[in-house]
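Report on one structure; see the data block that follows.
Laboratory data are not the source of any read-out in this text; all were calculated from the coordinates shown. None of the values given here were measured: they were computed from a predicted structure. Here the Cβ positions follow ideal geometry from the backbone for every residue, glycine too, while neighbour counts run over all protein chains shown.
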Amino acid sequence: MTLGWGGIARLCLANMAIGGLAALPVNLFNRLMTVDLSWPAILPGLLVALHYGVQLTRPYWGHRSDAKGGRTPFIVGGTICVGLGLILTAYGIAYLAGTAALVVWIIAYALIGLGIGAAGTSFLALLATASDDHRKPAAATFAWLTLIFGAIAASIGTGFALEPYSHDRLMAVVPVVALIATLLSLIATWGVEARLGTVPAPAEPNLRRALVATWADPAARAFTGFVFLSILAFYLSELVLEPFAGHIHGLPPEDSTKLGGAKDGAALLGMLAAGALSTFRIGSLRVWAVIGCVMSAVGLIGLGSGLPLIPFTVVLGLGNGLFVVGAIGSMMRLAAAEKGAAGTRMGVFGAAQAIAAGLAGLIATGILDLARLALPIEAAYGTVFGLEAILFLTAALVAGRLLHTPAQRPTLQPGE
């Protein structure tokens with residue numbers, strides 16, 4: 001049995017909760033540590049890198065959710081774990097200083113990474129098995145949109161609730177955010193797996209052998225490479241685009257921020273288009289992933305070549321949106337293709353994603369700084385955008401090769 005549209009939408013509330021909780025470490029806590037507490041900016045960067053590093057446990061959580069016969073405890077438990085990490089972080093900000101605060105934050109961000117890994121991997125594995133092939137494109141769209149909406153709602157809502165800011169108010173607001181997210185995850189998952197039936201027994205009960213079996217599958221191995229390359233490319237421009245708009249095009253902060261909003265808005269349109277078109281069998285998930293990678297590369301080449309800023313930023317955003325839905329939908333389809341291994345496969349893909357996201361900012365800013373030592377500033381930015389374009393085109397080639405996988409692997413065929 002699979003879920004209908006209403007069931008898919010309700011299940012995606014769990015991803016909204018995850019997105020809302022995940023936004024606070026990179027936004028609110030980052031600002032409080034560097035501005036209000038005057039810690040070096042590298043500290044929150046290292047803590048965020050830690051939480052991505054801890055997400056290398058995703059294959060373990062995915063396999064455990066396969067082995068335990070249910071995803072719900074891992075989704076709800078992971079959400080609670082993230083909430084506890086946020087509360088601990090807020091406590092360190094509000095009431096501790098020096099080494100004591102640092103130790104608490106390290107523990108807290110490790111909890112955040114563990115929780116996101118457990119909840120996020122189990123959610124995607126459940127969504128992959130709970131939606132039929134016809135609904136997977138729309139399910140991927142719902143999942144990404146609710147993740148973004150959760151981040152926006154948590155950021156704005158927390159901002160309003162913290163006015164006027166005080167440490168005591170922070171300690172009052174963050175637990176409420178954690179509680180709301182936990183309730184959302186409970187509402188999202190309540191009774192879902194009882195309707196779907198039990199999770200198939202794991203194809204391989206031993207984690208190490210399950211990982212070996214996943215890696216031995218050429219399709220899963222190639223798709224893991226695609227995830228790593230494309231997510232690395234996807235995040236490379238995150239820390240570079242707004243400085244580029246200021247340095248090269250002279251945009252003030254308020255306008256460069258709007259430019260980022262225009263890119264995100266174009267990405268939203270791309271997501272909706274890919275989800276709708278794939279649902280109506282116009283193209284396929286992998287076709288839209290390839291087109292999205294190529295469009296993203298075109299946008300980056302245009303930016304790096306000094307062509308008009310706004311049009312090529314919009315092209316980049318549209319390509320990103322098409323790619324995201326194509327990649328996530330394909331990820332769910334490939335994960336669900338092997339009965340008893342959906343969680344393990346989703347964990348492997350999630351680990352590749354976490355590594356790429358954690359490396360992207362470091363690589364982009366490092367290359368930019370090094371290039372500026374030897375090249376004019378325009379060429380330095382062009383070097384970063386050129387590298388990103390090459391990664392997107394390489395990812396497109398990998399995804400294109402997956403389109404021609406032999407017929408006995410129907411999950412990789414176009415026009416599904």
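Using a Gaussian network model of the chain with C-alpha springs under 10 Å, which one of 96, 11, 207 is most mobile by mean-square fluctuation?
96
Estimate the FRET efficiency between residue 272 and residue 107 by the formula 1/(1 + (r/R0)^6), using the beta-carbon distance for r and 41 Å for R0, to the nearest 0.05.
0.55
For a label point 7 angstrom out from the Cα of residue 36 toward its Cβ, which stretches of region 147-167 have the backbone nitrogen within less than 14 Å?
Label zone hits: 158-167.
If you split all Cα-Cα distances of region 206-416 into 10 Å bins from zero, what percentages do you get per bin, shortest first?
9, 33, 32, 18, 7, 1
For residue 183 and residue 209, what does the FRET efficiency come to when R0 = 56 Å and r is the distance between their Cβ atoms, rounded to the nearest 0.05?
0.90
Using a Gaussian network for the chain with springs between C-alpha atoms less than 10 Å apart, which of these wobbles most: 348, 192, 76?
192
Listed highest first by mean packing, meaning other Cβ atoms within 10 Å per residue, what order do 16-28, 370-382 come in?
16-28, 370-382
Just to compare against my own numbers: the Cα pair-distance distribution for region 1-199, 5 Å bins, whole % per bin, please.
Calculated P(r), rounded to whole percents: 1, 8, 16, 20, 19, 14, 9, 6, 4, 2, 0.
Taking 1 over the mean of 1/r across every pair of different Cα atoms in the chain, what Kirkwood radius in Å do you get?
The answer is 21.7 Å.
How much length is gained on full extension from residue 219 to residue 255, taking 0.36 nm per residue of separation minus their Cα-Cα distance?
Net length gain for the segment: 8.6 nm.
Got a sec? Charge dipole of the chain, +1 on Cβ for Lys and Arg, -1 for Asp and Glu; which of 159, 295, 26 is way out at the positive end?
Positive-end residue among those listed: 295.
Length gain on complete extension for the stretch residue 95 to residue 362, per 0.36 nm per residue less the alpha carbon to alpha carbon distance?
Working it through step by step, the gained length comes to 93.0 nm.
Which value in deg cm²/dmol, rounded to the nearest 500, describes the helix-derived mean residue ellipticity at 222 nm for the chain, given -39,500 (n - 2.57) per DSSP H run of n ≥ 4 and division by the residue count?
Counting only the DSSP helices, I get -27000 deg cm²/dmol.
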